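> Once you've had a glance at the structure underneath, I'll fire off some questions.
Throughout, read-outs are computed from the coordinates displayed, never taken from laboratory work. Every value quoted in this text rests on a predicted model; they were computed, and no experiment measured them. All Cβ positions, even for glycine, are placed from backbone atoms using ideal geometry, and neighbour counts span all protein chains on display.
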């Protein structure tokens with residue numbers, strides 16, 4: 001069976017001419033039906049540009065300049081607006097980072113969910129639409145949905161609004177759900193609830209999911225495979241187990257180091273020093289080398305590509321495997 | 001971005017041209033603007049390129065001199081508005097409290113008053129002359145300037161360098177004059193240009209209504225009005241001074257908008 | 001919502017009183033005693049003071065104001081010095097004309113500004129074209145635009161009548177034909193203002209996350225624009241429409257004069273030129289009151305659109 005979504009050599013740029021910024025630079029990825037892909041990286045690494053490229057929702061200045069986005073056998077990287085409209089919301093749905101501003105303040109949440117239904121499910125009586133919305137609100141565990149359906153966004157908490165956003169995304173039973181930092185803006189206790197909910201819903205519906213986050217902890221339990229992005233590129237891509245037990249890229253190790261873990265709190269945390277490079281002044285060679293504790297002179301020169309380090313595990317590090325050379 | 005630059009360039013060069021015309025009017029104008037040639041309402045010809053008005057005066061010469069009246073009234077009125085509005089805005093924004101609340105409410109009401117109706121009432125009370133017109137238009141302008149200055153001050157007040165100045169014990173007057181005023185110069189410049197633009201607009205409208213400068217002043221709004229009755233004979237009597245007002249209003253507006 | 005309306009209305013009422021009192025005080029004290037005007041230039045001082053006493057012009061200003069206000073509330077604004085008609089009958093015939101002109105202009109320009117800016121894609125050429133038209137329509141004085149339109153359509157092409165007012169009784173077609181040029185002239189200015197305000201707001205709303213969410217649902221660009229961006233960006237335009245409508249209570253002064261329309265604006269200019277004190281006072285007071293009331297209405301409309309205000313009570 002072919003993958004649901006295959007991305008090949010995707011390049012997304014913002015602006016034009018000399019000042020163009022390459023936000024996504026040659027990314028290859030794939031997501032199987034029903035599987036969960038975690039995309040992890042610090043803010044500014046191109047995760048959001050990647051998800052907006054898939055949705056065809058890049059802002060005016062942005063565009064896909066190379067590569068293919070094959071969804072269910074069809075390249076949608078340059079699909080017409082009319083075709084994208086039949087895919088967006090219906091086959092690929094998205095949940096965003098800021099539930100507080102994701103909903104239009106002037107309309108009830110019921111109306112806003114109904115919009116997606118009516119767009120994709122043809123004519124629907126008011127009664128049928130209402131029943132379906134109440135049902136989907138039930139599924140995202142919103143208490144007393146019969147009442148909540150007529151409420152406005154400002155009457156709900158952030159966690160509730162994110163549930164509404166998930167309900168909206170699920171309303172047309174998509175094949176793929178892209179969740180872009182879905183819990184970052186929420187309280188810690190609510191974060192766990194939302195993640196559990198996403199996991200359950202996925203199990204029920206069999207949809208595939210791309211879970212985008214800066215926090216490896218978030219994807220730890222949910223993702224089947226994890227792609228680590230840095231400065232517009234994928235630096236490591238492996239099964240979740242491999243990433244957590246056998247990470248080969250120093251950047252991934254750094255991200256892992258920033259997750260506090262009880263069992264090995266004696267071990268020195270490998271915090272990452274420095275900041276993500278400006279996309280206008282990217283370092284030569286490996287883009288991570290100025291911040292890398294393992295960096296060797298050749299790291300700044302060589303053109304480093306993803307290479308297999310194990311079955312189902314690729315890493316873009318010249319010095320991999322880094323087992324023996326811990327600093 | 002380049003559109004903005006183009007706007008400013010266009011506005012500045014037009015204003016420069018109008019200022020030149022105003023200064024050089026005595027040398028550029030072929031005739032005395034207030035002297036009758038004897039031939040009344042003559043059509044455009046080599047001698048009178050726009051024609052003559054109902055009193056036989058050369059309209060082209062009057063058009064050139066009209067730039068003086070417009071510029072003087074517009075610039076001076078705008079200055080009056082700044083002199084009243086800037087201090088009020090500075091103090092209201094910086095000091096805050098009840099004084100600020102009072103200023104905001106008065107300004108809110110004054111801004112929504114229709115400029116022409118208010119100008120007409122005041123003109124009826126004090127009578128029309130260059131000085132009165134300048135004062136009237138200036139008084140109509142200060143509320144909007146005060147509101148904009150206040151808005152800027154509210155932002156600046158919270159910034160680190162102002163906090164720092166306050167913490168080392170600078171007086172309020174010194175902070176306003178030394179730290180805040182220089183930072184709103186650009187906004188003030190833009191507002192000055194826009195206030196000039198709208199003052200010229202209102203002044204010309206008043207003259208058109210017959211409540212501007214008394215004759216025989218060469219004044220564009222008045223020329224439009226007196227030419228209006230002879231539209232069938234020579235439309236340029238109305239359209240030429242009308243175009244002159246429009247161009248002047250437009251050029252100051254472009255400068256102001258591009259500097260915002 | 002009801003509490004909100006009451007609160008605003010209670011706030012507006014004293015403002016109307018203060019403003020009309022100021023107007024009354026300024027006009028009465030600066031224009032001199034009405035007796036001198038009514039009796040003419042050769043009236044003897046004795047006659048003037050006799051009349052002052054008879055009519056109460058010597059009373060304290062506040063007492064005179066209360067008397068004027070009491071009469072005005074019953075529809076009595078006195079008689080015009082110039083035409084000897086009652087001021088209320090003059091206003092009664094002029095106000096509907098100004099209001100009709102104003103409503104046409106506000107509605108047309110509002111629809112055009114919001115419609116064009118929402119529906120025309122933000123391409124480079126169409127975008128700059130709309131801004132260029134907006135700038136020109138703000139900066140061209142009404143008398144210039146009116147004169148140009150009269151010259152082109154009435155004198156040169158002879159398609160439309162030059163000026164004057166055709167009442168409804170002349171037939172709808174004639175009525176509307178006479179309205180085209182004045183309405184076009186007046187609309188241009190408002191179009192420019194509405195368009196500038198709406199565009200700025202539209203641009204900031206366009207970048208809000210809920211707009212991206214709406215697109216992510218698969219809605220068309222037009223639907224996203226009309227359903228999601230428009231209602232959120234139209235609020236400042238409504239505020240401005242309220243102010244504009246209030247200002248038009250004073251008539252579209254310049255436009256009415258250009259096209260010889262017997263509205264409030266032209267009546268007002270004639271009164272100012274003739275120092276016709278009761279008329280100036282009445283129209284001034286109507287403008288101030290109308291403005292405060294239309295502002296209030298605009299505030300209520302905005303609050304009603306916003307569920308956060310509508311639902312709190």
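> When the label point is put 7 Å from the Cα of residue B:43 along its Cα-to-beta-carbon vector, which residues of the stretch B:221-260 have a backbone N closer than 19 Å?
B:227-240
> Tell me, what is the FRET efficiency for residue A:20 and residue A:273 to the nearest 0.05, using R0 = 30 angstrom and their Cβ-Cβ distance as r?
0.55
> Next question, about the same structure. Taking the Cα of residue B:260, stepping 7 Å toward and past its beta carbon, and measuring to each backbone N in the stretch C:87-130: which are under 16 Å?
C:128-130
> Can you sort A:85, A:123, B:166 from fewest to most other Cβ atoms within 10 Å of each residue's own Cβ?
So the residues, fewest neighbours to most, are A:123, B:166, A:85.
> Taking the Cα-to-Cβ direction at residue C:17 and at residue A:57 and moving 7 Å from each Cα, how far apart do the two end points lie in nm?
5.5 nm
> Counting only helical runs of four or more DSSP H residues, what would the 222 nm mean residue ellipticity of chain B come to if each run contributes -39,500 (n - 2.57) and the total is spread over all its residues? Show your work: numbers first, answer last.
Values: 9 runs with 185 residues, N = 260.
Counting only the DSSP helices, I get -24500 deg cm²/dmol.
> Distance in nm between label sites at residue B:229 and residue C:66, each 7 Å beyond Cα in the beta-carbon direction?
If labels sit at residue B:229 and residue C:66, their model points lie 4.9 nm apart.
> What is the angle, in °, between the Cα long axis of helix C:124-139 and the longest principal axis of the Cα atoms in chain C? Nearest 10 is fine, range 0 to 90.
0 degrees
> Next up: Please determine, in degrees from 0 to 90 and to the nearest 10, the orientation of helix A:188-205 with respect to the longest principal axis defined by the Cα atoms of chain A, where the helix direction is its Cα long axis.
Rounded to the nearest ten degrees, it is 70.
> For chain B, what are the per-bin percents of Cα-Cα distances with bins 10 Å wide, up to the bin holding the maximum?
7, 26, 28, 21, 11, 5, 2, 0
> Can you work out the FRET efficiency for the pair residue B:186 and residue B:95, with r the C-beta to C-beta distance and R0 = 30 Å, to the nearest 0.05?
Efficiency for this residue pair is about 0.80.
> So, one more: Tell me, what is the FRET efficiency for residue A:303 and residue A:65 to the nearest 0.05, using R0 = 22 angstrom and their Cβ-Cβ distance as r?
Calculated value: 0.70.
> Moving on to the next point. Can you tell me the orientation of helix A:158-170 relative to chain A, as the angle in degrees between its alpha-carbon axis and the longest Cα principal axis, to the nearest 10?
For A:158-170 against chain A, the angle is about 80 degrees.
> While we're looking at this one, here's another question. Using a 10 Å cut-off around each Cβ, can you sort B:163, A:119, A:236 from fewest to most neighbouring Cβ atoms?
B:163, A:119, A:236
> With the cut-off at 1.5 for a/c, could you classify the stretch A:127-228 from its C-alpha gyration tensor as rounded, prolate or oblate? Intermediate values should be presented prior to the final figure.
On the way: a/c = 2.45, a/b = 1.49, b/c = 1.65.
Oblate, because a/c is 1.5 or more while a/b does not exceed b/c.
> Would you mind ranking C:165, C:304 by Cβ crowding within 10 Å, fewest neighbours first?
Least crowded to most crowded, the residues run C:304, C:165.
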